[in-house]
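Participant: A single structure is presented below for examination.
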Amino acid sequence: MTRYAANLTMLFNEVPFLERFERAAAAGFRAVEFLFIHTVDAGAVERELKRHGLELVLFDPEGGDFAGGDRGYLCDPARRDHLHTTIQDAATVARRLGCQRLNVLAGNRPPGVSERILRRTVVENLKRAAPLAREASITILVEMLNTWESPRYFLDRLELGLDIVREVGETNVRFQYDCYHIQRMEGQLIEGLVRNVAWIGHVQIADVPGRHEPGTGEIHYANVLAALDQAGYDGYVGLEYRPSAKTEDSFAWLPREARARR
């Protein structure tokens, strides 16, 4: 059965970040995720996870000034060593927090660098990072973003991301299937999920347009999630959406018992 994680970067924005763990637990969730650990107090996060019996299933290593448009370093040949340091640092914190997935952002295209070099850099960086992550029992994820919102982002097609993961050939390097971004760029969500489920290590959802909760837009999430379950996916589905009203009201589509699955 599909398991769900509340994304604390997007949800419960009615309260400060550290108070969102309690709100997620009160809403019935047993798993959470968020974007960046380096912007918050890891010790306080550890305390809140333990206090509320929550599992942290995913976060991102440091990826630059995200609000200013940065999207990580994975494709940038000039930032190889910095990227590796961010993954090392994130893996250390992830081990402490019991988190087994790191989403490494592919990065924006640096000016003057060819697509061939960008792709080769991504593959080489993932191959370098995989053994380090494996030692900490961590799966590295890479995700596609839509170019409407991240116009310079390198990994902007589903097949590009899947081909890279296959080329890397490491069991702990997988694709993060973000339905919102894929719908905006390509659609065919069910076919993409079912055909490639063996290469998918995490799924995130939000509706289109608006990036709000399921049921507010064009995606028939009942069908998408049923197909995901039937395909044998055993990971988590992250609720990475912006609630259209109060966060708790946005969970009407998801029964409380489903939120508590682990």
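We did not get these values from a lab; they are worked out from the coordinates using the rules stated. These numbers come from a predicted model, not from an experiment. Here Cβ is always computed from backbone atoms with ideal geometry, including for glycine, and neighbour counts include all displayed protein chains.
Participant: Note the listed values (i) 32, 20, 17; (ii) 36, 22, 15; (iii) 27, 22, 17, then indicate which one is semi-axes √(5λ) of the Cα gyration tensor in Å calculated from this particular structure.
Facilitator: After the calculation, the listed value that fits is (iii).
Participant: Something else now. Sorting MET185, MET1, MET144, MET10 on the 10 Å Cβ count, fewest up front, what's the list?
Facilitator: Details: MET185 15, MET1 7, MET144 26, MET10 21.
Fewest-to-most Cβ neighbours within 10 Å comes out as MET1, MET185, MET10, MET144.
Participant: Related question: Taking neighbour counts of Cβ atoms within 10 Å as a proxy for exposure, in what order, fewest first, do SER244, SER114 appear? Show your work: numbers first, answer last.
Facilitator: Numbers: SER244 16, SER114 9.
Ordered by Cβ neighbours within 10 Å, fewest first: SER114, SER244.
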